[in-house]
Amino acid sequence: MDVEQVRDAYASVAGLYIELFGTSGAVHGDDLALIERHLSKRPGTVLDLGCGPGHLTDHLRSLGVDAIGIDLVPEFIAHAKATHPDGDYRLGSMTDLGVPDRSVAGILAYYSLIHLPPPDLDAVLAEFRRVLEPGGTVVVGFVDGDEVAAFDHKVITAYRWSVGEFSERLARAGFTAVEHLRRPGDDTQRPQATMAAVASVAG
């Protein structure tokens, strides 16, 4: 993944993105419930990777979670800090999290993996597994499809995944998928999937 291209592409539309998607009200209620089920019960830190405007980090914090938002885009982090001044928001990349092994309880990557070319996904999931404590949980949201394929995202090229293939990639990195939701596409949205997976105790 060309991190700088993704960062610059989102920076160029940051204001519009914040206006359209910058509140938890823009997130489907079923996804919010899944996130709560899997990321609000276990003590410890949760990283919201690709946190964008910080709305889901703030939602997790409202549930009592020690959540930290991390994003590539300075405009998003500035907005998150201004809008949620009690939160913890940091510039950073999911390819190199810079935190100790087995030091976090959960990871949220809600539509923040979609710009990773398929060959790059395994290394990022391995980084997730490195920082998660055994039994920790990752929740991912992605564009659903029958096969792995690129598509013309409005910001920059993105990739759709089948639930089966994404589950296999998670398993390869040392996770076991425990729940997923799927929603068909409509006139305004592509098909969507949200998945929770637990880090193996032995990994």
Estimated inter-spin distance, ARG183 and GLU147, nm [label 7 Å along Cα→Cβ]: 2.7
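Could you give the length gained by full extension between SER62 and VAL13, i.e. 0.36 nm per residue of separation minus their alpha carbon distance, to one decimal place?
14.9 nm
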The chain - percent of accessible surface contributed by carbon and sulfur, probe 1.4 Å: 50
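Can you compute the helix-only [θ] at 222 nm over the chain? Use -39500 (n - 2.57) per DSSP H run of at least 4 residues, normalise by all residues, nearest 500 deg cm²/dmol. Walk me through the intermediate numbers first.
Working: 7 runs with 71 residues, N = 203.
So the calculated ellipticity at 222 nm is -10500 deg cm²/dmol.
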Surface per residue (accessible, 1.4 Å probe) for the chain, Å²: 46
Relative contact order, percent, the range 15-115 [alpha-carbon distance under 8 Å, six or more residues apart]: 31
Semi-axis lengths, Å, the range 39-97, gyration tensor of Cα atoms, sqrt of 5 times eigenvalues: 18, 14, 7
Reduced Cα scattering model of the range 57-203, Debye log10 I(q)/I(0), q = 0.10, 0.11, 0.20 Å⁻¹: -0.36, -0.43, -1.38
Length gained when the stretch GLU36-LEU91 is fully extended (0.36 nm per residue, less Cα-Cα span): 17.4 nm
Rel. contact order, % - alpha carbon contacts under 8 angstrom, at least six apart, the chain: 18
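The values are calculated or read from the model by the stated rules, or taken from the named source; none is laboratory data. Values in this document were obtained by computation on a predicted structure and should not be read as measured data. Virtual Cβ from ideal backbone geometry, glycine too; neighbours counted across all protein chains shown. Areas reflect the complete protein model, heavy atoms only, side chains present, ligands, DNA and RNA absent. Shrake-Rupley method; radii C 1.70, N 1.55, O 1.52, S 1.80 Å.
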